[in-house]
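For reference, the structure discussed in these notes is given below.
The values are calculated or read from the model by the stated rules, or taken from the named source; none is laboratory data. These numbers were taken from a predicted model, which means no experiment stands behind them. We place every Cβ from the backbone using ideal geometry, glycine too, and count neighbours over all the protein chains shown.
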Amino acid sequence: MASQEGHVDVVKELLQHSADVNKCNNDDVSPLFIASQNGHVDVVKELLQHSADVNKCDNDGVSPLYIASENGHVNVVKELLLHSADVNKCTNKDVSPLYIASGYGHVDVVIELLQHSADVNKCINNGVSPLWQASQNGHINVVKELLQHSADVNKCKNDGTSPLQIACNTNRIEVSGNGHVDVVKELLQHSADVNKCDNDDTSPLYIASQNGHANVVKELLQHSADVNKCINNGVSPLWQASQEGHVDVVKELLQHSADVNKCNKDDVSPLSIASYNGHVNVVIELLQHSADLNKCNFKGKNPLNVAQEKGHIEIESLLKGKG
């Protein structure tokens, strides 16, 4: 209890009266563990000076260093490392201190761990590396540190997803509406494979286009992303952006010579799907880039028929004007 609450004077008194420094509770949690978890660095120092087991883990295989890293207690991390804590000691689920610190964006902790030879490419069981996790969460400073310490920029998750691809896939996280563009830039500057696809043949450009991240799309295209690379069902980045109504992405793709008439495997064109969904501004862009009005019928109907059927009057007018 004294270690948990950070009462260093009480801890000193107890240790002077031969308290067992490694006595654990029912969950195999030691005084050092609980002090590390709560960031009580003075208590940590005192326990270590009295020969506390620096690598004593709880029932889940979590070490004092791991729990301090998870919570961002950099001064505790420093103290544990000074006393020879195992920097690569993983939990029972094979999660390292560096991985957990990277995921939470604790850059000061990451720096300390790397300076003490943490394995920069140590993955968890599903193949996710510290860099992959930091990229997913948009922790740009952590990404920079990991890359400066030779993290594998193209190390993929077991499903084939690369750090670059997950940085482009930020539909669950709002980041100024543009995805993790700073992370994307950093990864590309360190030679990330811009066309590396996952096991479903999905490229970073496709993912960014799908999610409407125009700045990420622009960055990928400037690094020679394949503008017409389709996923398994024949859907191109332009087709997907047209379906979603992401006009800024559509513009960027077309400026980089995307095939305006590239259909999916069902012979549906970008113009047809944009007309079907009522995306007026996308239709305008596609028409300005010579989209074929009769290319790839949508269930036997051309874009004009589709617009009429769906009641999209403005699109109907645009298409008639081009007919």
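When you go through (1) among the small types (Gly, Ala, Ser); (2) part of a loop (DSSP other than H, G, I, E, B); (3) over 28 Å from Gln165 (Cβ atoms) one by one for Gly234, which number turns out not to apply? Against the list (1) among the small types (Gly, Ala, Ser); (2) part of a loop (DSSP other than H, G, I, E, B); (3) over 28 Å from Gln165 (Cβ atoms), Gly234 comes up short only on (3). Of everything in the range 36-61 that is under 15 Å from Leu81 (Cα atoms) and among the aliphatic types (A, V, I, L, M), the residue that is surrounded by the most Cβ atoms within 10 Å (Cβ to Cβ) is Val44.
Quick grid of which residues meet (1) touching a Gly at 6+ places or on another chain (Cβ under 6 Å); (2) among the aromatic types (Phe, Trp, Tyr); (3) at positive phi; (4) buried (at least 24 other Cβ atoms within 10 Å of the Cβ):
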| site | (1), (2), (3), (4) |
| --- | --- |
| Lys196 | no, no, no, no |
| Asn199 | yes, no, no, no |
| Gln210 | no, no, no, no |
| Val217 | no, no, no, yes |
| Asp226 | no, no, no, no |
| Ile231 | no, no, no, no |
| Ser236 | no, no, no, yes |
| Ala241 | no, no, no, yes |
| Asp248 | no, no, no, no |
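Filter the range 167-180 for residues that are surrounded by fewer than 24 Cβ atoms within 10 Å (Cβ to Cβ) and either of a type in the set (A, V, I, L, M, F, W, C) or modelled with pLDDT of 95 or more (or both); which is farthest from Lys218 (Cα to Cα)? Only one residue tops the list, namely Ile173. The requirement of being touching a Leu at 6+ places or on another chain (Cβ under 7 Å), more than 22 Å from Leu113 (Cα to Cα) and either hydroxyl-bearing (Ser, Thr, Tyr) or crowded, with 16+ Cβ neighbours inside 10 Å (or both) is not satisfied by Pro64.
Within the range 264-299, if we keep just the residues that are assigned to a loop (DSSP other than H, G, I, E, B) and among the acidic types (Asp, Glu), the residue that is surrounded by the most Cβ atoms within 10 Å (Cβ to Cβ) turns out to be Asp292.
For beta carbons closer than 7 Å, sequence separation of 6+ or different chains, a first residue in the range 116-138 that is small (Gly, Ala, Ser) and a second that is surrounded by fewer than 18 Cβ atoms within 10 Å (Cβ to Cβ), the qualifying pairs are Ala118/Asn88; Gly127/Asn158; Ser129/Asn121; Ser129/Asp152; Ser129/Lys155; Gly138/Ile173; Gly138/Val175.
Can you find even one residue in the range 135-143 that is surrounded by fewer than 17 Cβ atoms within 10 Å (Cβ to Cβ), not hydrophobic (A, V, I, L, M, F, W, C) and not in a helix (DSSP H, G or I)?
Checked against the condition, which is being surrounded by fewer than 17 Cβ atoms within 10 Å (Cβ to Cβ), not hydrophobic (A, V, I, L, M, F, W, C) and not in a helix (DSSP H, G or I), the range 135-143 yields no hits at all.
Out of all the residues in the range 45-63, which are over 30 Å from the mean Cα position of the chain (by Cα) and among the β-branched types (Val, Ile, Thr)? Residue satisfying the conditions is Val54 alone.
Out of Leu80, Leu114, one residue alone is in the same structural domain as Val41 (by the TED database), out of contact with any Cys (no Cβ under 8 Å at 6 or more places or on another chain), in a helix (DSSP H, G or I) and under 16 Å from Asn38 (Cα atoms). It is Leu80. Of everything in the range 35-52 that is at pLDDT 95 or above and in a loop (DSSP other than H, G, I, E, B), the residue that is nearest to Val107 (Cα to Cα) is Gly39. Filtered by the rule that a residue be without any contact (Cβ under 8 Å) to a residue 12 or more places away in the chain and not in a helix (DSSP H, G or I), the range 302-323 gives a lone residue, Gly311. I'd like to know if the range 220-235 contains one or more residues that are touching a Leu at 6+ places or on another chain (Cβ under 9 Å) and hydroxyl-bearing (Ser, Thr, Tyr). There is no residue in the range 220-235 that is touching a Leu at 6+ places or on another chain (Cβ under 9 Å) and hydroxyl-bearing (Ser, Thr, Tyr).
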